[in-house]
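The values are calculated or read from the model by the stated rules, or taken from the named source; none is laboratory data. The model shown is predicted, which means the values in this text are computed figures rather than measured ones. Here the Cβ is made from the backbone with ideal geometry for all residues, glycine too, and neighbour counts use every protein chain on show. Side chains included, ligands, DNA and RNA excluded: accessible areas come from the protein's heavy atoms. Shrake-Rupley method; radii C 1.70, N 1.55, O 1.52, S 1.80 Å.
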Amino acid sequence: MKPKTFIILLSCLNILLGTQIYAQEILEHPIAPQRESIGLFFYDGMAKVNIGGNYGFIDRQGFLQIPCKYDMVTNFQDGLAIVRKNNKYSFIRNDGTLLTPLIFDSCEPFFEGYAMVSLQGKFGFVDKQGKMIVQPRHDFAMGFSNGLGLVGHDGLNGYINTKGELVIDYKFEFSLPFSEEYALFMREGKFGYIDMKGQEVISPKYELAGSFHEGLAAVKINNLSGIINKKGKFVVQPTFQNIRSFKDGVAVFIQGEKFGLINDKGQEIISARYELLGDFENDIAVFKNNCKYGFVNTKGEEFIPATFDKASTFEQGMASVKLNGKFHYIDLQGRIVYTSPNDLKYDAENNVILVNIDKKTGYIDGKEKIIISLDESFSPARVVLLINSNEYLISSEGTLTAK
């Protein structure tokens, strides 16, 4: 399948199943200003920061471990982060060394020890030693799952093993990576499932369907959604408008354009009463009611009331929220632990947040607070880190010295 066609179909599938409605609203109206959406959290002991428009990483002591010289970086994951410079991508280790030269047109995160990369319009895979285990020769690809990688050729999808050998032939007009040893596929506009040998285990009869999670999958038939098990039997009858994937024994459903929550027996934990309900992470989700945002747990308890104008999911014990035009971070008790000194203005035409930097910006991870200020007594202004009451200067070369 052609990448563009695949993305369009996958997007339609997600939206119709109701999995992206909440995320879509958040993306249309970002919460955090760009300068504060970076360097907020530590991953693998490192946090990304922006100095002079370029990205690097500091450690928990605030020392700049990787100089700010990249156009874009992702958070570290299992000791590696994606970086971009001059429109070329690679991976960086936490000691600052590159896994491969900056040669790729795109990179995706590692799954099961392998990462998808693209070069001159073709897709392949590298391992964590930087070895190209599958040369970029495929028209399309997705990450490895259950030991198999999804690849495309001449408009059809198949699956390869970690040696790059084709183990399930190119025969699917649409398919997804394996999840719990089953993969979703489409034939003649209907969805079904195959096993890891490529054999049909559930025939394609559903109008829409999702991957298996916790032994269950959401499907739509006769324009109604229900839940099936791996034998294709309904455990929750198709009576809902839409149902998302199960996680931690619960799934978000939509009924009458309202959102609620059910368990794996179809029993309602939260009735269909919310305008929006995000996916649950660590038993917590954002909900929207009467145009305000709050937080609810999998027991249906609204432990933080709907008082915010915008809200994101909790991450590392904090969530970003917007209230009365100000950007804040709150903890699990709903207490504000940090307030941005910046005035937020949303530029809808360019889809960016405009900020007026006031002399300093904050840096937090839930326990530590590092203040980054601009020393404007020098020209050009120098960046100052205030760490545990000690001030440090960061030069344009990225070195850190006591002030």
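Residues checked against (1) farther than 30 Å from Asn297 by Cα; (2) modelled with pLDDT of 95 or more:
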| residue | (1), (2) |
| --- | --- |
| His153 | yes, no |
| Ile160 | yes, yes |
| Gly189 | yes, no |
| Glu200 | yes, yes |
| Pro204 | yes, yes |
| Val219 | no, yes |
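Which is over 20 Å from the mean Cα position of the chain (by Cα), more than 20 Å from Glu173 (Cα to Cα) and crowded, with 21+ Cβ neighbours inside 10 Å, of Phe125, Phe110?
Working: Phe110 fails: over 20 Å from the mean Cα position of the chain (by Cα).
Phe125 is the lone residue from the list that is over 20 Å from the mean Cα position of the chain (by Cα), more than 20 Å from Glu173 (Cα to Cα) and crowded, with 21+ Cβ neighbours inside 10 Å.
Would you say Thr74 is at pLDDT 90 or above and touching a Gly at 6+ places or on another chain (Cβ under 7 Å)?
Details: at pLDDT 90 or above: yes; touching a Gly at 6+ places or on another chain (Cβ under 7 Å): no.
No: the conditions fail for Thr74.
Please verify whether Gly226 is surrounded by 17 or more Cβ atoms within 10 Å (Cβ to Cβ) and closer than 24 Å to Ala183 by Cα, treating the condition exactly as stated.
Working: surrounded by 17 or more Cβ atoms within 10 Å (Cβ to Cβ): yes; closer than 24 Å to Ala183 by Cα: yes.
So Gly226 passes the test.
Filter segment 150-187 down to residues that are under 24 Å from the mean Cα position of the chain (by Cα) and among the aliphatic types (A, V, I, L, M) and give me whichever is most open to solvent (accessible area, probe 1.4 Å).
Residue satisfying both the conditions and the ranking: Leu176.
Looking only at segment 242-270, which residues are surrounded by 15 or more Cβ atoms within 10 Å (Cβ to Cβ), of a type in the set (Gly, Ala, Ser) and either farther than 22 Å from Glu180 by Cα or touching a helix residue (DSSP H, G or I) at 6+ places or on another chain (Cβ under 6 Å) (or both)?
Result: Gly260, single match.
Name every residue in segment 197-223 that is open to solvent by 30 Å² or more (accessible area, probe 1.4 Å) and farther than 17 Å from Glu180 by Cα, in order of residue number. Outline the logic, then answer.
Going through segment 197-223, the residues open to solvent by 30 Å² or more (accessible area, probe 1.4 Å) turn out to be 197, 199-201, 203, 205, 207, 213-214, 221-223.
Listed by number, the residues that qualify are Ser203, Lys205, Glu207, Ile221, Asn222, Asn223.
Looking at (1) outside any strand (DSSP E or B); (2) open to solvent by 20 Å² or more (accessible area, probe 1.4 Å); (3) of a type outside the set (A, V, I, L, M, F, W, C), which is the one condition that is false for Thr239?
(1)
Table: residues versus (1) open to solvent by 50 Å² or more (accessible area, probe 1.4 Å); (2) of a type outside the set (Asp, Glu); (3) at pLDDT 95 or above; (4) over 23 Å from Tyr70 (Cβ atoms).
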| position | (1), (2), (3), (4) |
| --- | --- |
| Ser90 | no, yes, yes, no |
| Asn94 | yes, yes, no, no |
| Pro101 | yes, yes, yes, no |
| Phe104 | no, yes, yes, no |
| Gly130 | no, yes, yes, no |
| Leu148 | no, yes, yes, yes |
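Could you list, in sequence order, the residues of segment 148-171 that are closer than 15 Å to Ile194 by Cβ and touching a residue at least 40 places away in the same chain (Cβ under 8 Å)?
Residues satisfying the conditions are Leu148, Leu156, Asn157.
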